[in-house]
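K.L.:
Provided herewith is a single structure, encoded as structure tokens, for subsequent inquiry.
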């Protein structure tokens, strides 16, 4: 159950349960992906995910590398500013460049990177107030729809690990 602000030392704590719950869900997704990655054989780590074309390990590294960008963009919304100039073509270019630069990424360092960046993202999410989570502004990536900070976090930093985990599982196990 989501609660309102709480009192800490007689002062309203505006970084309340909503941001904490969002942060926990970000961590849960990343940890689920990390634990899955730890079970992969070398061949599975290098397997290509269709139709994506990237290797499993590269995709997991990609998820880890996107947390700072996703949180920076959420911070833009939280401040009441528009997210401008971010398009799916730009995202595709970032993904393509990342894949070529990290084609031989190792499992242990990628899993550590995933955990480190997801923890930092979760800590940033914990710092958002309810007012910031509710703030909406146009997002160019979504046709300039006025999205709330909370929705943006849920649709990007939170969903990203789950989204790619499902694609990887389908590619490796057909389910």
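K.L.:
Can you give me the distance in nm between label points at residue 145 and residue 123, each placed 7 Å from the Cα along the Cα-to-Cβ direction?
P.N.:
For residue 145 paired with residue 123, the spin-label model returns 3.2 nm.
K.L.:
Could I ask something else about it? How do 162, 88 line up, fewest other C-beta atoms within 10 Å first?
P.N.:
Fewest-to-most ranking of 162, 88: 88, 162.
K.L.:
Which angle between 0 and 90 degrees, to the nearest 10, do you get for helix 107-126 versus the longest principal axis of the chain when only C-alpha atoms count?
P.N.:
On a 0 to 90 degree scale, this one is about 10.
K.L.:
For residue 166 paired with residue 134, estimate the spin-label separation in nm (one decimal), with each label point 7 Å from Cα along the Cα-to-Cβ line.
P.N.:
3.0 nm
K.L.:
If I model a spin label at residue 91 and residue 116 as a point 7 Å from the Cα along the Cα→Cβ vector, what separation in nanometres do I get?
P.N.:
2.6 nm
K.L.:
Could you tell me how many degrees, from 0 to 90 and to the nearest 10, lie between the Cα long axis of helix 56-78 and the main elongation axis, the longest principal axis, of the Cα atoms of the chain?
P.N.:
20 degrees
K.L.:
Also: Where a ≥ b ≥ c are the square roots of the eigenvalues of the C-alpha gyration tensor, would you call segment 26-113 rounded, which needs a/c under 1.5, or, failing that, prolate if a/b is larger than b/c, or oblate?
P.N.:
Note, shape of segment 26-113 comes out oblate.
K.L.:
Using the number of other C-beta atoms within 10 angstrom as an exposure proxy, rank 158, 40 with the fewest first.
P.N.:
Starting with the residue having the fewest Cβ neighbours, the order is 40, 158.
K.L.:
Sort 164, 173 so that the residue with the fewest other Cβ atoms within 10 Å of its own Cβ comes first and the one with the most comes last.
P.N.:
The most exposed by this proxy come first: 173, 164.
K.L.:
If you don't mind, there's one more thing I want to ask. Looking at the square roots a ≥ b ≥ c of the eigenvalues of the Cα gyration tensor of segment 66-142, which shape do they give, rounded for a/c under 1.5, prolate if a/b is larger than b/c, or oblate?
P.N.:
oblate
K.L.:
Also, quick follow-up: Output the 0 to 90 degree angle, nearest 10, between the alpha-carbon long axis of helix 159-173 and the longest principal axis computed from the alpha carbons of the chain.
P.N.:
Helix 159-173 and the main axis of the chain meet at about 20 degrees.
K.L.:
Using Cα pairs closer than 8 Å and at least 6 residues apart in sequence, work out the relative contact order for the chain, in percent.
P.N.:
Reported relative contact order: 34 percent.
K.L.:
Right, another one. Quick one: length gained pulling residue 173 to residue 39 fully straight, 0.36 nm per residue minus the C-alpha distance?
P.N.:
Gain on stretching residue 173 to residue 39: 46.9 nm.
K.L.:
Grab the DSSP H runs of the chain that are 4 residues or longer, score each as -39,500 (n - 2.57), total them, divide by all residues and round the 222 nm result to the nearest 500 deg cm²/dmol.
P.N.:
After summing the helix terms and dividing by the residues of the chain, the value is -20000 deg cm²/dmol.
FYI, it's all coordinate maths here, none of it is from the lab. Computed from a predicted structure; not experimentally measured. Positions of Cβ are generated from backbone atoms using ideal geometry, with glycine treated the same way; all protein chains shown enter the neighbour counts.
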